[in-house]
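What follows is a single structure, written as structure tokens, with notes after it.
The values are calculated or read from the model by the stated rules, or taken from the named source; none is laboratory data. Predicted, not measured: the structure shown is a model, and the values here were computed from it. Counting neighbours? That spans all protein chains shown, and the Cβs are built from the backbone with ideal geometry, glycine included. Keep in mind that these areas ignore ligands, DNA and RNA; they rest on the heavy atoms of the full protein, side chains included. Shrake-Rupley method; radii C 1.70, N 1.55, O 1.52, S 1.80 Å.
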Amino acid sequence: MVALLLLLTLTGCWSRYEVQNMNYATAVGIDYIDGQYTLYVQLLDFSTVAKLEGQQKAEQSPVWVGKGEGSSFTEGANDLYSTSQQRLNWGQISAILFSERLMKENKVGEVLELINRYREIRYLPWLFSTREPLEEILLATPFFRLSPKASILLNPEQNFRQHSILAPVRLQQFILDSHEKARTSYIPELSLRKGQWQESNKPKELLRYSGIQVYELDNYYARMDLKDLSGMPWLSTHTIRVPLDLFAEEKLAAVLVAEKPEYDVTPIVKLDKAFFDISVNVKAGINELHTDLTEKEITQMAQEKIEEQIRKTYQTAFKEGIDIYNLGESLYRRHPHQWKHIATGKQQLVLNQDSLRHVKVEVNIVYPGRYKLHEHGESTS
């Protein structure tokens, strides 16, 4: 009798929601039009996400995208609640997507303040931007009828390990970079590429990187296209694997693959002007060789090409007032008083047209492929 009475005092779980009675948001996109926020939410059925071994899915995993509108992010969410049928859970958000229009209106800080205040959304979602309709990005699916969980939007690390052209950014890292002095924060830009792949003779639209949007929490600066960012992988601690095409007389001579480049930046101040010397060490393998070149010639061509890419990206970014390599941060860390003396503008730039002084690149061919390279260019197995 006493034991039964004690059971009545125990708390239960009657107020908890069953997992099957909730809708799970996996990505959210935010737009800003005519003073109103437009909120897009991607929902996935997690029971269809797992792939059974040896079985091919007969149908594409369903992807739902809802649209809510309001004068704030919260009002947009409340608008979605009116038709969500079941409780909407935000704890599984893996990606946040901003429209270019929202960023140009300098509304990112306001949106993130509301998102960070909401306790269900964590600090680890991937952060992206786009110039295309948000719902098209959220509805894009990968190969083999897999869930969007396998796409660049929700899982960008897999693609980056093989093709490290542009490092993905988490929400937490973006906020940290935005608050750091002398550091440039950016948001990767996604777009849809049409016609490159087909599924059973039907064109398939797939996600790809198309550039970056340089942004802080309160200020939009500029957009840079992906073709102008070829120098970024060489000065990034995140780079894993990056291809390098070498040309001779406008013809493809060789294709190299570099892995995990290392670099160092040395800041120098002369006559109240900042200059920077950069050294880059690269280990590379040869994937293709189309002409008779010695290892020394290939190394020299690779070093010149990498330096050219680094300088080109620097000059393109400088014209937009962007410190793309965070060179100013190296001066700020080592000589903060000198940095404070010469930093100007809202971005606190210390750069000038000639700030990038010496770029020393050292390339080591560690894997020549299945053939050995000889001094006079012949190759043998």
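A few comments on the model shown:
- Selection status of Lys181, over 26 Å from Ala284 (Cα atoms), among the charged types (D, E, K, R) and in a strand (DSSP E or B): no
- Residue in the stretch 272-280 that is closer than 30 Å to Ser99 by Cα and not in a helix (DSSP H, G or I) present: no
- Test: residue in the stretch 159-169 that is in contact with a Ser or Thr (Cβ under 7 Å, 6 or more places away or on another chain) and modelled with pLDDT of 90 or more: yes
- Residues of the stretch 125-145 that turn out to be outside any helix (DSSP H, G or I), modelled with pLDDT of 90 or more and open to solvent by 10 Å² or more (accessible area, probe 1.4 Å), as a count: 4
- Matching entry among Lys260, Lys251 (being in the same structural domain as Lys360 (by the TED database) and exposed (fewer than 13 other Cβ atoms within 10 Å of the Cβ)): Lys251
- Each residue in the stretch 353-367 was checked for being out of contact with any helix residue (DSSP H, G or I) (no Cβ under 6 Å at 6 or more places or on another chain) and either open to solvent by less than 30 Å² (accessible area, probe 1.4 Å) or not assigned by the TED database to the domain that holds Ile306 (or both), and 1 of them qualify.
- Test for Gln338: is it open to solvent by 20 Å² or more (accessible area, probe 1.4 Å), of a type outside the set (D, E, K, R) and either touching a strand residue (DSSP E or B) at 6+ places or on another chain (Cβ under 7 Å) or part of a loop (DSSP other than H, G, I, E, B) (or both): yes
- Consider the stretch 80-104 and keep the residues that are out of contact with any Gly (no Cβ under 9 Å at 6 or more places or on another chain) and part of a loop (DSSP other than H, G, I, E, B). The one that is modelled with the lowest pLDDT is Gln85.
- Looking across the stretch 224-234, the residues that are crowded, with 21+ Cβ neighbours inside 10 Å and touching a strand residue (DSSP E or B) at 6+ places or on another chain (Cβ under 9 Å) come down to Met224, Leu229, Met232, Pro233, Trp234.
Matching residues to (1) of a type in the set (S, T, N, Q); (2) assigned by the TED database to the domain that holds Glu320; (3) open to solvent by less than 40 Å² (accessible area, probe 1.4 Å); (4) modelled with pLDDT of 80 or more:
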position: His179; (1), (2), (3), (4): no, no, no, yes
position: Arg183; (1), (2), (3), (4): no, no, no, yes
position: Leu192; (1), (2), (3), (4): no, no, yes, yes
position: Glu199; (1), (2), (3), (4): no, no, no, no
position: Leu206; (1), (2), (3), (4): no, no, yes, yes
position: Tyr209; (1), (2), (3), (4): no, no, yes, yes
position: Gln213; (1), (2), (3), (4): yes, no, yes, yes
position: Asp218; (1), (2), (3), (4): no, no, no, yes
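- Looking only at the stretch 267-298, residues that are at pLDDT below 95 and of a type in the set (Ser, Thr, Tyr) come to 2 in all.
- Glu105 closer than 16 Å to Gln173 by Cα, more than 20 Å from the chain's Cα centre (by Cα) and either open to solvent by 20 Å² or more (accessible area, probe 1.4 Å) or of a type in the set (D, E, K, R) (or both): no
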